[in-house]
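The values are calculated or read from the model by the stated rules, or taken from the named source; none is laboratory data. Please read these numbers as outputs of a predicted model, since none were measured by experiment. Cβ sites come from the backbone with ideal geometry, for glycine too, and all protein chains shown count toward neighbours. When the accessible area is computed, the model is the full protein with side chains, heavy atoms only, and any ligands, DNA or RNA have been set aside. Shrake-Rupley method; radii C 1.70, N 1.55, O 1.52, S 1.80 Å.
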Amino acid sequence: MTANTPQKNLVAVLFLTVFLTACGGGGDSDSSSTSANVPDSPQGDGITESPTSEPIDSAPIIPTDKNNEPDNEGGEPTDDNVQAVLSANNQFSLARTSCGLNGLSVDTELNDIAVRHANYIKYVFANSVPTSFNVHFENEISSVTGTNNPFFGGLDLSDRLVSASYPNSQYGVTENIAQSVYYSSAGSFLSSEMVAGSMAKSLLAAPYHLRSLMLPTSSVIGTGMAVYKPKDKTPANNQGYVLVSNASATKTTATKTLAGVLTYPCQDVTGTVTALYNETPSPVKGSGRNLRTDPIGQPVYINMPSADTVKVSNVKFRDVQRNIDVPIQLLDFDNDPYKGTNYALPTNEAFILPLTDALKSCESGAKKGGNCGLYGNSKYKVSFDILIDNETLEKQSFIFTTGKVNY
């Protein structure tokens with residue numbers, strides 16, 4: 001049974017992998033020739049019990065050589081929720097086309113890779129309660145992982161692309177994974193379409209995911225959505241969801257760029273989330289802020305692909321309806337806490353992070369009157385100056401609208 005139940009009960013866990021290549025890393029201007037530090041083994045559990053926690057993990061991957069695609073020898077049925085996938089893909093494409101980028105067309109080969117990996121994750125959590133499992137990896141750590149899993153496709157994103165002989169892997173591929181567990185005492189669950197749309201919007205509010213979703217070079221997408229009953233939890237009251245979305249550049253778009261300044265959100269974007277509750281690596285590292293208890297609002301991503309450097313200044317983040325300014329933190333190359341790492345921001349990108357501590361945006365529940373990021377269903381005007389290559393100063397301004405408050 002599906003129902004429009006309160007989204008605050010939805011627990012989401014989001015993960016990101018970027019497959020970097022010598023051909024441009026899918027558009028990252030500074031990391032194309034830098035080797036990525038790949039974790040030797042999975043770390044951390046893929047499920048969280050905190051209703052306000054949306055942990056996000058980021059891990060770049062290095063390509064390897066091609067071999068043959070493994071078969072699903074276990075005979076397990078493949079779960080592929082087509083309408084849910086369409087919901088997520090539409091959110092990603094809408095975000096891109098609304099702000100001047102091309103949309104994303106479905107790539108059936110990339111889709112097969114995503115569907116298979118979503119079912120791999122589903123099989124793990126439907127048949128075990130792992131304490132050490134990273135959803136990006138398929139190495140053997142238990143009787144339901146590695147080649148014991150009928151949906152095994154490769155140790156990591158690189159191997160999965162190689163095993164499938166994916167033809168566009170040389171141009172840069174990203175992998176976004178979202179997992180949620182929902183509890184309902186009444187046994188009424190959110191539809192997979194609603195969950196997929198919610199997951200997509202959460203990814204678009206997480207800076208390091210947002211960057212990967214707004215690459216000018218990306219042109220094709222493959223997404224899989226699987227629904228499962230978590231092991232050792234009452235089936236009637238618990239339901240899990242896994243979304244795996246891969247995007248890739250192609251030969252014709254691998255060098256594609258964009259003239260002018262790209263932002264997300266941009267003019268007339270509507271329905272964004274109101275708050276970011278967690279991301280790893282943390283966009284507020286070193287500030288002392290705990291996003292789980294003190295979230296920030298929907299970030300604004302700024303990128304000028306055709307420039308070598310940009311410098312953002314004179315930022316205003318104004319609540320149009322309440323006629324108040326929201327304080328901000330600027331995250332750019334100069335104050336980047338991840339300089340010298342795979343997460344370092346290029347010199348032509350920046351983020352505006354709205355600091356919403358003083359906003360009483362929570363509308364219900366125990367947190368009513370507290371900080372739930374920006375106010376829901378509200379217009380915000382963002383303006384800033386941007387110095388391009390230390391020569392040209394431009395002024396930018398746009399209005400976007402948040403959706404319902406997310407908890």
Legend entry - Solvent-accessible area of Lys379 with every protein chain in place, 1.4 Å probe, in Å² to the nearest 10: 100
Inset, instruction - Can you send over the carbon and sulfur percentage of the accessible area for segment 365-407, probe radius 1.4 Å, protein chains only? - result: 49
Legend entry - Nearest-10 value in Å² for the accessible area of Asp389, using the 1.4 Å probe: 50
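Just to verify a number: FRET efficiency for Ala358 and Ala186, C-beta to C-beta distance, R0 = 45 Å, to 0.05? Walk me through the numbers before you get to the answer.
Values: r = 36 Å, r/R0 = 0.80.
Calculated value: 0.80.
On a 1.4 Å probe surface of the protein chains, which of Ser212, Ser143 comes out largest in accessible area, and what is the full order?
Working: Ser212 10, Ser143 95 Å².
Greatest to least solvent exposure: Ser143, Ser212.
Accessible area per residue for segment 271-392 in Å², computed with a 1.4 Å probe and the full protein assembly in place, what is it? Working shown, then result.
Working: 5060 Å² over 122 residues.
For segment 271-392, the solvent-accessible area averages 41 Å² per residue.
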Inset, instruction - Using a 1.4 Å probe and counting only protein heavy atoms, arrange Arg160, Arg318 so the residue with the most accessible area comes first. - result: Arg318, Arg160
Inset, instruction - Tell me which residues come under 5 Å, amide H to amide H, from Thr356 once H is placed; ignore anything under 5 positions away on its chain. - result: Gly297
Inset, instruction - Compare Arg96, Arg289 by solvent-accessible area with a 1.4 Å probe and give them largest first, with all protein chains kept in place. - result: Arg289, Arg96
Inset, instruction - Using Cα centres only, tell me the gap between segment 139-172 and segment 252-306 in whole Å. - result: 29
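When only Cα pairs under 8 Å and 6 or more residues apart are kept, what is the percent relative contact order across segment 93-169?
Numbers: 65 pairs, mean separation 19.8, N = 77.
With pairs under 8 Å counted, the relative contact order is 26 percent.
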Legend entry - Solvent-accessible area per residue, Å², over segment 135-251 with all protein chains present [probe radius 1.4 Å]: 25
Inset, instruction - Taking the Cα centre of segment 325-398 as origin, sum charge times position over the Cβ atoms of Lys and Arg (+1) and Asp and Glu (-1), and report the length of that vector in debye to the nearest 20. - result: 640
Legend entry - Selection from Ser212, Val269, Ser248, by position along the positive dipole direction of segment 211-280 (Cβ): Ser248
Inset, instruction - For segment 177-303, give the percent of accessible area contributed by carbon and sulfur heavy atoms, probe 1.4 Å, rounded to a whole number. - result: 51
Inset, instruction - Kindly report, to the nearest 10 Å², the accessible surface of Lys285 as traced by a 1.4 Å probe over protein heavy atoms only. - result: 110
